[in-house]
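One structure below.
The values are calculated or read from the model by the stated rules, or taken from the named source; none is laboratory data. These numbers come from a predicted model, not from an experiment. Note that each Cβ is placed from the backbone with ideal geometry, even for glycine, and that neighbours are counted across all protein chains shown.
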Amino acid sequence: MYSIRIFALFLIIYGASSNEDEGIVEVDGDYDPGEQEDGNRNEKLLWSHQSPLVNMVLQTSSIHYQQGDYSTSDFFDFLRDKYPLPGGLTTPLPEYDFVIVGSGSAGSALASRLTKNKNTTVLLLEVGKPEMLLTDIPALAPYFQATDYTWQYYMEKQPGVCLGMDNGRCFWPRGNALGGSTVINYMIYTRGRPEDWNRIAADGNYGWSFDDILKYYIKLEKAELGGFEKTAHRGRDGEMPVQFVPVSTKLIDSFLEAGRILGHPTIDYNSPDELGFGKVQVTIDNGRRQSAAKVFLHSHKNRRNLHILPQAKATKVLIDPDTKTAYGVEFVRNKLLHTVRVRKEVILSAGPIASPQLLMLSGVGPKDHLTAKGIPVIQDLPVGQTLYDHICFPGLIFTLNVTDISFLENRGLSLTTITQWLMNGDNELSSPGAVEGIGYIKTTLSDDPESVPDIELISIGGSIVSDGGPGGSRSVRRGMRINENVFNGAFGSIDNTDTWSTFPMLLHPKSVGYLELKDDNPYSHPRLYGNYLTDPKDAATFVAAIRHVQELVQTEPFQRWGTRLHPARYPACESLTMDSDEYWECAVRTLTATLHHQVATCRMGPTGDPKAVVDPELRVHGINRLRVVDTSVIPRTISAHTSAPGFLVGYKAADLIRNTWGIK
């Protein structure tokens, strides 16, 4: 049994790549994927680079395997999860109560909640493919940044940031799968501070205070956290597993102990009561990724009122320009254009990039911008005009004078490792990219009067050099799109050695970005402007965070391993004194990496808010029967990775929609 599963698991790596059109198809000659150098083509990238793990097992398991041999069609599609239309249907119905576009954290949760009522019909459209067994392996999270499970979005080139990235541009991967970004992310579960949500409510967004939304977090969680789940603010009876990683290194103990020495208690960091450090909480069960699709769709896919349609590209929301009422969606599947109508609502859950893009393509957006792109304007709204993102610095790396203490990709790989993971899920393959801990701090630059951190520290049981060495996949550095020459010059001397690192993540940037359409083609990627570090306080906060990490490392828990800062050199920083504030700002501007937490592109706000796209019930201002239900509605920066808030938005939206339509 297990030998068959092992064979299938790794043979699929090369069987999964496909020359099919992946839902991006030519319709009446209008398909224009854009220029490759602009990041506007979602290429067939699945397993475009290999790892020693992959090669070793394939060579052991398959007599047909030849290294570098890639399949030209999806021979192993039968190994993907399947979502056939129920009742023997071969095509969707012409009309549903609700059509949901996008199956990420919010869309999947919403579809599941709405269809609990058997009389409510839902069509869920998703442009990506279903997940497969490989996506279950947490340790492979870095690989998926360079596969066709990921939209290959790039930020427009901006002076002074991403200097060490390929072509000097920041990479913004988003999930292109049934389950959205929960199929490719690092599975980190963070809720945000109570003050974050209370400030959102204070802006006029009724129903969004922490007390209002806490019940949804409790409802969705199935927490097993070593006793933390027994507190009043945690949930144990929900659908989404929230657990500690089942395997870790001794470095997490050093991180937590050092934190306590500097006044950061070891706590449930999702507790609303205090700031501190803690072991990372992840959406994993039995060592396996629990995506939105796996949790909210797979077990309900036989519901006769839930129709799930993968590889279906929504191209336009149909809106009556006279009544300003949404009545359907146009989508492309198998190179055919389809129209589906709604009896109640169209709901966009396509994420913080695709949802605003689809709104603008449908005539809802900034009047001048849409007019310039030749799109008839139905409703003038500031779609895409506000964009916040969380960026981090992955180059703060410390060497150790002991061996066999950190995660290294090339260490301990064997057929036994794979078998043990398949059987028990409790070895290094269950580690989400070596992430082990989370710490919230307020730097010396924070002027926030409340208990709101300005930096999150992500403790890694290794670093970005842990994926290297002879035959190494280099998946982490490639996933971030770090330029190879820059990487080798900065870190080549310590590649594939035992290290510890922490990624400081800027939680509340002052810099504000935006996005806009490239043109009126739904297959073109939008233009993304992060405006990273344009406010000088953002760069200064990073430097203050780095100084705090250096204090952590000087404590005995880290010094017992001989922890020393690696003096990385970057081309742009050669003239600067090592370890000076100026050097660190330059380093951050060289390795500027997103953590994929874009928000506010369909910003929530009350009537009269000039920056708002949707109201507090997520209804698009000025348009009837159209809502946005995903993290693009979050109007402010929050102290959280956005997967858990996405689940929350889906759960709350289900109640809002049921109340609107009297659905029990």
Residue in segment 481-498 that is under 18 Å from residue 389 (Cα atoms) and in the same structural domain as residue 588 (by TED's automatic domain parsing) present: yes
Residue in segment 409-421 that is crowded, with 20+ Cβ neighbours inside 10 Å and among the polar types (S, T, N, Q) present: no
Candidate set: segment 576-615, residues that are closer than 25 Å to residue 102 by Cβ and among the basic types (Lys, Arg); chosen: the one nearest to the chain's Cα centre (by Cα): 603
Filtered residues of segment 537-578 (kept if in contact with a Leu (Cβ under 8 Å, 6 or more places away or on another chain), closer than 23 Å to residue 444 by Cα and either in a loop (DSSP other than H, G, I, E, B) or of a type in the set (S, T, N, Q) (or both)): 541, 550, 555
First in segment 571-583 and in contact (Cβ under 8 Å) with a residue 60 or more places away in the chain, second anywhere and surrounded by 13 or more Cβ atoms within 10 Å (Cβ to Cβ) and in a loop (DSSP other than H, G, I, E, B), Cβ under 9 Å, 6 or more apart: 571/163; 571/164; 572/163; 572/164
Unique match (being under 24 Å from the mean Cα position of the chain (by Cα), at pLDDT 95 or above, on the phi > 0 side of the Ramachandran plot and not assigned by TED's automatic domain parsing to the domain that holds residue 507) among 648, 618: 618
Options 127, 183, 161: the member that is buried (at least 24 other Cβ atoms within 10 Å of the Cβ), in contact with an Asp or Glu (Cβ under 6 Å, 6 or more places away or on another chain) and either outside the structural domain of residue 419 (by TED's automatic domain parsing) or modelled with pLDDT of 95 or more (or both): 183
Where residue 653 falls short, out of the listed (1) over 19 Å from residue 384 (Cα atoms); (2) assigned to a loop (DSSP other than H, G, I, E, B); (3) within 28 Å of the chain's Cα centre (by Cα): (2)
Residues that are outside any strand (DSSP E or B) and within 23 Å of residue 116 (Cβ to Cβ), drawn from segment 313-349: 349
Subset of segment 301-312 (residues that are at pLDDT 95 or above and outside any strand (DSSP E or B)): 303, 304, 305, 310, 311, 312
Lone unmet requirement of (1) within 30 Å of residue 424 (Cβ to Cβ); (2) over 19 Å from the mean Cα position of the chain (by Cα); (3) crowded, with 24+ Cβ neighbours inside 10 Å for residue 282: (2)
Pairs with Cβ under 7 Å, 6+ apart, first in segment 244-258 and under 23 Å from residue 556 (Cα atoms), second assigned to a helix (DSSP H, G or I): 254/557; 254/558; 257/557; 258/552; 258/557; 258/558
Verdict on residue 316 being in contact with a Leu (Cβ under 7 Å, 6 or more places away or on another chain), farther than 21 Å from residue 177 by Cβ, surrounded by fewer than 19 Cβ atoms within 10 Å (Cβ to Cβ) and not aromatic (Phe, Trp, Tyr): yes
Check on residue 81, at pLDDT below 95, under 30 Å from residue 413 (Cβ atoms) and under 28 Å from the mean Cα position of the chain (by Cα): yes
Condition check for residue 74: among the acidic types (Asp, Glu) and either out of contact with any helix residue (DSSP H, G or I) (no Cβ under 9 Å at 6 or more places or on another chain) or modelled with pLDDT of 70 or more (or both): no
Residues satisfying the stated conditions in segment 395-413, i.e. polar (S, T, N, Q) and either free of Cβ contacts under 8 Å to residues at least 12 places away in the same chain or within 30 Å of residue 162 (Cα to Cα) (or both): 399, 406, 410
Residue within segment 577-592 that is surrounded by fewer than 22 Cβ atoms within 10 Å (Cβ to Cβ), touching a strand residue (DSSP E or B) at 6+ places or on another chain (Cβ under 8 Å) and not charged (D, E, K, R) present: no
Among the candidates 176, 167, residue that is surrounded by fewer than 23 Cβ atoms within 10 Å (Cβ to Cβ), outside the structural domain of residue 247 (by TED's automatic domain parsing) and touching a residue at least 12 places away in the same chain (Cβ under 8 Å): 167
